[in-house]
Amino acid sequence: ALGTDAERRLALSLLAFTDELLRAATSLQPHVLAAHVHTIATRFHTFYHAHRIVGAGAQHEAARVRLCYATATVLATGMRALGITPVDRM
């Protein structure tokens, strides 16, 4: 269950990604997508800093792992759309 503000803000940013990608593409303004990808990265940092993922209890852990996976997928997609090759691991 995603119940904290940081979790909700991140999830909402992920849900808005497709709309932002389409808006950037149709307006020919890649900075719109770059700004949204940056927002997602910033919100993920806030979430990751504030919350335990592994060992947070079965319900929270499963939801947070899925949120991390979704974030990685969306960030990689956004980077590729901007012509940036994402790294697999840091």
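Sorted largest first by accessible area at a 1.4 angstrom probe radius, with every protein chain in place, the residues Ile84, Ile53 fall in the order Ile84, Ile53. Taking each DSSP H run with n ≥ 4 as -39500 (n - 2.57) and averaging over every residue of the chain yields -25000 deg cm²/dmol at 222 nm. To the nearest ten degrees, helix 17-27 and the longest principal axis of the Cα atoms of the chain are 10 degrees apart.
Accessible-area rank, largest first, for Arg8, Arg52, Arg89: Arg89, Arg52, Arg8, with all protein chains present and a 1.4 angstrom probe. In terms of accessible area, using a 1.4 Å probe and ignoring ligands and nucleic acids, His60, His36, His45 rank largest first as His45, His60, His36.
Rounded to the nearest 10 degrees, the angle from helix 5-15 to the longest Cα principal axis of the chain is 40 degrees. So how far, in whole Å, is the C-alpha centre of segment 59-90 from the one of segment 18-32? Spelled out, the Cα-based centre of one part sits 19 Å from the other. Sequence-distant contacts, meaning Cα pairs under 8 Å at least 6 residues apart, place the relative contact order of the chain at 34 percent.
If I fit a long axis through the Cα atoms of helix 58-81 and take the longest principal axis of the Cα atoms of the chain, what angle between them do I get, 0 to 90°, rounded to 10? Result, in degrees: 10.
Solvent exposure of the chain, expressed per residue, is 67 Å² of accessible area, with all protein chains present and a 1.4 angstrom probe.
The heavy atoms of Leu75 present about 40 square angstrom of accessible area, all protein chains included, probe 1.4 Å.
The values are calculated or read from the model by the stated rules, or taken from the named source; none is laboratory data. Here the structure is a predicted model, which is why all the values come from computation and not from measurement. Side chains are part of the model used for accessible areas, which takes the heavy atoms of the whole protein and leaves out ligands, DNA and RNA. Shrake-Rupley method; radii C 1.70, N 1.55, O 1.52, S 1.80 Å.
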